[in-house]
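The values are calculated or read from the model by the stated rules, or taken from the named source; none is laboratory data. Owing to the predicted nature of the structure, the values given are computational and were not obtained by experimental measurement. Every residue, glycine among them, receives a Cβ derived from its backbone with ideal geometry; neighbour counts consider all protein chains shown. These accessible areas exclude ligands, DNA and RNA; they are computed on the full protein's heavy atoms, side chains included. Shrake-Rupley method; radii C 1.70, N 1.55, O 1.52, S 1.80 Å.
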Amino acid sequence: MRKVLIGLLVLLLMAAGCAPAGRSAAGAGTGSVTGGGAGAAEGGLRRRALTIALDETWSSAAELTYPAEGAGPWPAVILFHGSGPVDMDAAQVDATGKVSSANFRLLAERLSAEGFAVLRFHKRGVKKFGDYDLEQSAQATTNQLIADAARVIAAAREQPEVDGGRIYLYGWSQGAQVAAHAALADEAVAGVILQGPPTSGWSETLRYQHLELGLRLLRELDADGDGKLAVKEWLTVPAGPAALMGSFYVWAPDSTPWSPKMRADTDRDGDGLIDLEAELRPAIDALAANPAVNPMMHPANEPARSIAEIAPDLRRPVLILHGEQDGFVPVTDGEAIAAAAPEHVTLRRFPGLGHALSATEDPARDGFGPMDEAAIGALLEWLRAQD
């Protein structure tokens, strides 16, 4: 299972335009958090670098940002990443390899300029953007990330700039699962913000991404209408859920952007074409249904209770931010969570925004651009209302 997951991580990194560096050891700190001193002031906020020991095998670089003026302590927001090896900025790249958004850095700067401390950190296995420990990333299951979150929350409470009684957990996608379960285990957490939260299970999520949206887009890209896609056609797939389908089903483990090779187990007749119905659809069905070939469906990646199931037990303010054009988690998931606990869950839907809460016209082409101002404004409005 670990070899399969590591192989999938390599493919996902290729799809993101990142070249993983060789493995090197991560030195865990002797305490739970190291670093300190006065933060450097710039642009209406201060920054301070930290290192958080998640366990004896891994320490993550982190940054605390907080207002430029005053002594605090301030209410704080901790940011939890989506799936895959994600750095503290949640940096995303476009087809040319250029960074197209860094929404966690954007959130940290905007919230700190408005009176909040914000803690963000590299996910387990991420040494910096473009530099990964694949063995550690393979261990970063959802359940492991929930355990890591407890260490991060504890580290936040140690910071003199942070008001330990007013800590809010912000989780994006898989991070929404992490934030919700971490809050369930920690009654002192003041509130939870969930961006594009999945609650229907990985199997249904993949079916939405790949069967409902992905196949539809691929048919549109089938220029000659033969129901099959060649390598050159796959290379034209735009950013969004269909682009990640290449990593799951099309590209061989030794494929590179410079020498793309198709998977023999998908291109079963070896003709160099992927038949969308005869070859791709069965591959999607197998991945979405079989934990043996789908590491995301491993029990460690699917908490025993969904966000909708635990929502009534959170018993504190919860904000859901969900784009109606989300191509990775359907807005019906956000609706299900809100319906499960309407007394303390607020759902904010955003027409024209996708999974990153960035402008998106078609969910099948949902790229992760900069977060829209409307979403940031709604978040700030909610946070201020909690005081």
How many residues does the stretch 102-158 contain that are among the aromatic types (F, W, Y) and under 17 Å from L54 (Cβ atoms)?
2
Picked from the stretch 204-259 (must be buried (at least 18 other Cβ atoms within 10 Å of the Cβ) and hydroxyl-bearing (S, T, Y)), the residue nearest to D333 (Cα to Cα) is T205
Scan the stretch 284-303 and tell me whether some residue there is outside any loop (DSSP other than H, G, I, E, B) and modelled with pLDDT of 95 or more.
no
Single residue of R105, R110 found to be open to solvent by 10 Å² or more (accessible area, probe 1.4 Å), within 18 Å of L379 (Cα to Cα) and free of Cβ contacts under 8 Å to residues at least 40 places away in the same chain
R105
Looking at (1) under 19 Å from Q174 (Cα atoms); (2) at pLDDT 95 or above; (3) open to solvent by 60 Å² or more (accessible area, probe 1.4 Å), which one does P351 not meet, given that it meets all the others?
(1)
Identify, please: which residue in the stretch 69-93 is closer than 12 Å to E161 by Cα, open to solvent by 20 Å² or more (accessible area, probe 1.4 Å) and at pLDDT 95 or above and is, among those, nearest to the chain's Cα centre (by Cα)?
W74
Positions within the stretch 218-245 being touching a helix residue (DSSP H, G or I) at 6+ places or on another chain (Cβ under 9 Å) and aliphatic (A, V, I, L, M), in sequence order:
L218, L221, A223, L229, V231, L235, V237, A239, A242, A243, L244, M245
Failed item in (1) assigned to a helix (DSSP H, G or I); (2) without any contact (Cβ under 8 Å) to a residue 40 or more places away in the chain, with T346 passing the rest:
(1)
Any idea which of E361, E335, E277 is outside any loop (DSSP other than H, G, I, E, B), open to solvent by 40 Å² or more (accessible area, probe 1.4 Å) and touching a residue at least 24 places away in the same chain (Cβ under 8 Å)?
E277
